[in-house]
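Engineer: The following block contains the structure, expressed as structure tokens.
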Amino acid sequence: MNDQRLRLDLAALADEVTSVDLRDRTLRTSRRLGIQRAVATSAAALVLIAAATGTAFAIRPNESPPPLPADTPSVTATPSQSPSPTPSTSVDTPAAPPSSGSSTNTPTVQFGKLFYGPADVTEAETAYLRSWRPGDSPVRLLALPVLAAKGNSSISPDGRRVAWVDDRAILVVADVDGSDRQEMRSDVADSCTPVWSPDGRHLLFNSGSEPGRHGVLDTRSDKRTVEWWAERHSGCHALWSADGRSIAMAVDVGVTLYAADGTKKRTVPGFSVRGTRSHDIASLSPDGSRIALLQREPGEDSGDIARELWVNAVLDTRTGKQVALPLGGRTLRQVYFQSDGSMVVRVQTGSGYAVLLVDEDGRKVSEIAEPASLKDMQILAVVD
């Protein structure tokens, strides 16, 4: 996302309870992220002015090569210099001790590995991703441009690769330690998240120049071939179920499920222009029957197209009814489905967080306190 786009639409937009199209929400997103970055940068500047004893110098990495051609259906992967300091994989702060809940997993239901990214946009140019498996210490992974780390980074189902769209509208893939960096394709919307197929081979993405056009990129083919969906849909930040049969997207004021080829399957009931709405979806169950999302009630701000991974409800996608979770009176913050149908549930505990392991039937299996070093981050994915 470049400076010119961040200056778009500085005038405040009224939050009307009406259907919002993709372009309108994109403009609101650019304005909001621009304001966040401007505020953070101004605050950092004041700190520097007040510090009379030293001067900080920002060193930018070398410029990346020119963008790949945008008028071709695919491009050959081209290694290029990382947009961030040399990535590394290192151990972070040791994990906090378990909370009062049980910390013993059953043989068949266990915590997967959790991946984290920044929860907010800061004045920094880059931000590190991290991983953590309950019982171990957090591990620092590669650094990404901060807007990509917050807004569109995507972890592969095996936890080995990460995809993101940079500010040149280029889809990039690398190992989680920053190695084997490849530019996959140009003209990709950086306002939407590319999503991995369950086999970790394909990426569903949004066209950068043709709103509503979705393509499925084969990341392992020599020519990086793309199969385009026959119909156009205004959805963004797709979720792909582990069985490969369902893709969920936030469309207008609610959620719609599609088949892998883009054919519409069903709309989640219960959403309406003047009632409960959602533009923010976080995780889809393996069979597509449940979805974790952020619901907005009548009178609340509708939000915008920027990715929001906070969650306040899990819904049955067939009935629209809310699924009960064993929160113990605590505030629900995030939910991620694992491939066996169990859930990793993040709850607010005092000034920090705890993660619960909840089986497919909604019973709590175990609980552990989250390390303090992850307090200002959000979960991006959970992999087995």
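The values are calculated or read from the model by the stated rules, or taken from the named source; none is laboratory data. All values reported here derive from a predicted model rather than from experimental measurement. Backbone-built Cβ (ideal geometry, glycine too); neighbour counts: all protein chains shown. Side chains are part of the model used for accessible areas, which takes the heavy atoms of the whole protein and leaves out ligands, DNA and RNA. Shrake-Rupley method; radii C 1.70, N 1.55, O 1.52, S 1.80 Å.
Engineer: How long is the gain from residue 113 to residue 273 if the chain were fully straight, where each residue apart is worth 0.36 nm and the alpha carbon distance is subtracted? Working shown, then result.
Structural biologist: Working: separation 160, 0.36 × 160 = 57.60 nm, distance 3.75 nm.
Working it through step by step, the gained length comes to 53.9 nm.
Engineer: Need the full-extension length gain, residue 120 to residue 301, defined as separation in residues times 0.36 nm minus the C-alpha distance. One decimal, nm. Spell out each step's value before the answer.
Structural biologist: On the way: separation 181, 0.36 × 181 = 65.16 nm, distance 1.85 nm.
Separation in residues times 0.36 nm, less the Cα-Cα distance, equals 63.3 nm.
Engineer: Charges only on Cβ, +1 for Lys and Arg, -1 for Asp and Glu: so what's the dipole of the stretch 186-264 about the Cα centre, in debye to the nearest 20?
Structural biologist: Details: 8 positive and 11 negative charges, 17 e Å.
Result for the stretch 186-264 is approximately 80 debye, rounded to the nearest 20.
Engineer: Another question about this same structure. Please give every one of the lysines within straight-line cross-link reach of residue 113, meaning a C-alpha to C-alpha distance under 21 Å, and leave out same-chain neighbours fewer than 8 residues apart.
Structural biologist: Within the straight-line limit of under 21 Å, residue 113 reaches these lysines: 150, 364, 375.
Engineer: Where only protein heavy atoms count, and the probe is 1.4 Å, what is the accessible area per residue for the stretch 276-355 in Å²?
Structural biologist: On the way: 2640 Å² over 80 residues.
Ligands and nucleic acids excluded, the figure is 33 Å² per residue.
Engineer: Continuing with the same structure: Report, to the nearest whole %, how much of the accessible area of the stretch 137-191 belongs to carbon and sulfur atoms, 1.4 Å probe, protein only. The partial results should precede the final answer.
Structural biologist: Details: 550 of 1330 Å².
Within the stretch 137-191, the accessible surface is 42 percent carbon and sulfur.
Engineer: Now a separate question. Quick one: compute a quarter of the convex hull surface over the Cα atoms of the stretch 255-384 and quote it in nm².
Structural biologist: On the way: hull surface 35.6 nm².
Convex hull of Cα atoms, orientation-averaged projection: 8.9 nm².
Engineer: Points 7 angstrom from Cα along the Cβ direction at residue 160 and residue 199: gap in nanometres?
Structural biologist: Simple spin-label model gives 1.5 nm for this pair.
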